[in-house]
Amino acid sequence: MSNLTNYHSHCLLCDGKAGMDAFLRFAVAKGFTSYGVSSHAPLPYHTHWSMDWENMADYLAEFNTVKQKYADRIEFYLGLEIDYLNEEYNPSSKHFQELPLDYRIGSVHLLEDLSGDIVDIDVSTPVFKDIVQRHFNGDLELLVRAYFERQMRMIELGGFDILGHADKLHYNAECCRPGIMDEPWYQQLVNELFQSAAQHQLMVEINTKSYEAYHVFFPNERHFKLLHSLSIPVLVNSDSHYPERINASRMEALVALTKAGFTTVRQLHGGVWQDVTID
């Protein structure tokens with residue numbers, strides 16, 4: 001099929017489980033036409049899941065080596081998944097803009113709690129529930145609003161091309177308070193987020209990483225019609241940390257997009273983002 005692409009993928013220099021060569025080898029074997037690596041960008045401190053700045057030269061060198069090796073078989077592109085941390089450290093920051101990247105994914109994984117400490121909310125449901133209690137005084141709405149505020153500010157500052165796994169916390173939030181996505185204030189936050197994405201001409205990824213396990217996309221499938229009504233270009237990304245997961249739930253996402261009215265998905269070919277018809 002012509003929709004075999006993926007631009008959200010990790011490698012051994014962050015929390016991926018294989019090197020770039022293994023991902024490209026698998027992509028070629030599966031018939032992918034275009035592929036991108038987007039490791040978690042360095043933060044101003046060390047984490048177990050993000051790249052360190054001292055490894056950036058290795059990241060660039062590994063990409064160039066693998067790109068050359070597979071040049072006659074697949075288009076390979078260089079990206080980063082960059083976190084919004086604060087006003088000084090986000091996708092628009094100079095040190096990220098100066099890197100020779102083909103694209104940038106803007107994502108929110110981190111929040112500032114009531115004490116001003118940074119907490120990672122991209123965690124399992126039990127850990128998430130504990131974070132709500134210990135870091136936000138049990139106020140789930142406060143946490144959710146803080147999350148959306150950071151996404152909105154990241155969009156305002158710009159410097160990236162793709163909004164990464166938008167509204168990812170909805171799964172854990174629903175586990176904490178079933179029906180929260182139906183509450184008017186939550187729906188308003190979602191509407192404002194995607195209206196802002198449309199105004200800033202961003203692409204929105206349909207992140208399939210958790211579909212097989214939890215039967216959810218990020219953003220949730222219920223928002224696909226909103227994305228379509230706002231004429232937001234979408235692309236299907238697997239957020240893969242394992243080579244064998246690069247095509248996970250792609251077909252299910254394409255079917256869901258078609259039901260919502262989409263006829264194309266955005267892909268990178270010849271160095272240019274293009275709208276390609278959904279097979």
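Going by the structure shown, is Gly138 over 18 Å from Leu85 (Cα atoms) and either surrounded by fewer than 14 Cβ atoms within 10 Å (Cβ to Cβ) or not β-branched (Val, Ile, Thr) (or both)? Criteria met by Gly138.
Can you name every residue in segment 31-64 that is outside any loop (DSSP other than H, G, I, E, B), surrounded by fewer than 18 Cβ atoms within 10 Å (Cβ to Cβ) and in contact (Cβ under 8 Å) with a residue 12 or more places away in the chain?
Asn55, Met56, Asp58, Leu60
Among the conditions (1) in contact (Cβ under 8 Å) with a residue 12 or more places away in the chain; (2) surrounded by fewer than 16 Cβ atoms within 10 Å (Cβ to Cβ), Gln199 misses just one, which is (1).
Of all the residues that make up segment 255-277, how many are touching a His at 6+ places or on another chain (Cβ under 9 Å) and either at pLDDT below 95 or at negative phi (or both)? Matching residues across segment 255-277 total 4.
I'd like the full set of residues that are within 19 Å of Asn207 (Cα to Cα) and part of a loop (DSSP other than H, G, I, E, B), limited to segment 2-27. Matches in segment 2-27: Ser2, Asn3, Leu4, Tyr7, His8, His10, Cys11, Cys14, Asp15, Gly16, Lys17.
Please tell me if Asp21 is surrounded by fewer than 23 Cβ atoms within 10 Å (Cβ to Cβ), under 20 Å from the mean Cα position of the chain (by Cα) and at pLDDT 95 or above. No, not satisfied.
To keep it simple, each residue is scored yes or no on (1) crowded, with 20+ Cβ neighbours inside 10 Å; (2) among the aliphatic types (A, V, I, L, M).
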residue: Asp182; (1), (2): no, no
residue: Thr208; (1), (2): yes, no
residue: Phe217; (1), (2): yes, no
residue: Val236; (1), (2): yes, yes
residue: Arg245; (1), (2): no, no
residue: Ser249; (1), (2): yes, no
residue: Ala260; (1), (2): no, yes
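A single entry from Glu141, Glu174 fulfils the requirement of being closer than 19 Å to Ile206 by Cβ and more than 15 Å from the chain's Cα centre (by Cα): Glu174.
Any idea which of Gly16, Gly36, Gly31, Gly116 is small (Gly, Ala, Ser) and touching a Phe, Trp or Tyr at 6+ places or on another chain (Cβ under 7 Å)? Give the derivation first.
On the way: Gly16 fails: touching a Phe, Trp or Tyr at 6+ places or on another chain (Cβ under 7 Å); Gly31 fails: touching a Phe, Trp or Tyr at 6+ places or on another chain (Cβ under 7 Å); Gly116 fails: touching a Phe, Trp or Tyr at 6+ places or on another chain (Cβ under 7 Å).
Among Gly16, Gly36, Gly31, Gly116, only Gly36 is small (Gly, Ala, Ser) and touching a Phe, Trp or Tyr at 6+ places or on another chain (Cβ under 7 Å).
The values are calculated or read from the model by the stated rules, or taken from the named source; none is laboratory data. This is a predicted model, so every value here is computed, not measured. All Cβ positions, even for glycine, are placed from backbone atoms using ideal geometry, and neighbour counts span all protein chains on display.
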